[in-house]
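The values are calculated or read from the model by the stated rules, or taken from the named source; none is laboratory data. Just so it is clear, the structure is predicted and the values come from calculations on it, not from any experiment. Side chains are part of the model used for accessible areas, which takes the heavy atoms of the whole protein and leaves out ligands, DNA and RNA. Shrake-Rupley method; radii C 1.70, N 1.55, O 1.52, S 1.80 Å.
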Amino acid sequence: MKKLLLALLALPLLASFASCSSDDDMPQVNIDLTYGNASVIDGQVYVVQPDTFRILSVAVTPVREGHKATNGPVSYFMNGVPVGTSPVAPFGVNILTSDLEPGAYAVQMFMPIYEEGCELANAVAQIQLNVLADSTQLPSAAVPSVTQRVEYSFE
């Protein structure tokens, strides 16, 4: 009877070893962002007041050949304060800048990632948003873009 009891007590320990997964099962994706009323210069996003900063789309592309990937609803935060959640593709959001002080803000995005053949994972991406009082403050060193790719790896 003691042996049976010890065997039953050891089962949860054995099950915990069997449930471990390898890092190869985690999604490997890039997060592609498209903006409106904004410019991406040297990896930073710039918007001039009083324009509304728009994230038009958030999409993921798999890094591995032959895989398919997508993301779920995106929740947005600005300096840690909730802005809203976009539950429907293309997962965009509008952020008014007229009430913001000019300066740098951290915009965080939280979303589930689904990749074929991989485990479900949650991603948190962050961009720096620079709110400018007028367009003369835009850096002139580079050609502006309206898209940005965030390379993402799960650890």
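Quick check: the distance between the Cα centres of the range 91-111 and the range 44-74, to the nearest angstrom?
Cα centroid to Cα centroid, the span is 14 Å.
Could you derive backbone 3J(HN,Hα) for the range 49-61 from the dihedral phi with the Karplus parameters 6.51, -1.76 and 1.60 (θ = phi - 60°), listing whole Hz in sequence and x where the residue is Gly or Pro?
Calculated HN-Hα couplings, in order: 5, x, 4, 7, 6, 10, 9, 7, 7, 10, 9, 10, 10 Hz.
Hey, can you find the accessible area per residue of the range 71-153 for me, probe 1.4 Å, expressed in square angstrom?
Per residue, the range 71-153 has an accessible area of 56 Å².
Over the range 52-155, with every protein chain in place, what whole percent of the accessible area is carbon and sulfur at 1.4 Å, could you tell me?
So the carbon and sulfur contribution to the accessible surface is 54 percent.
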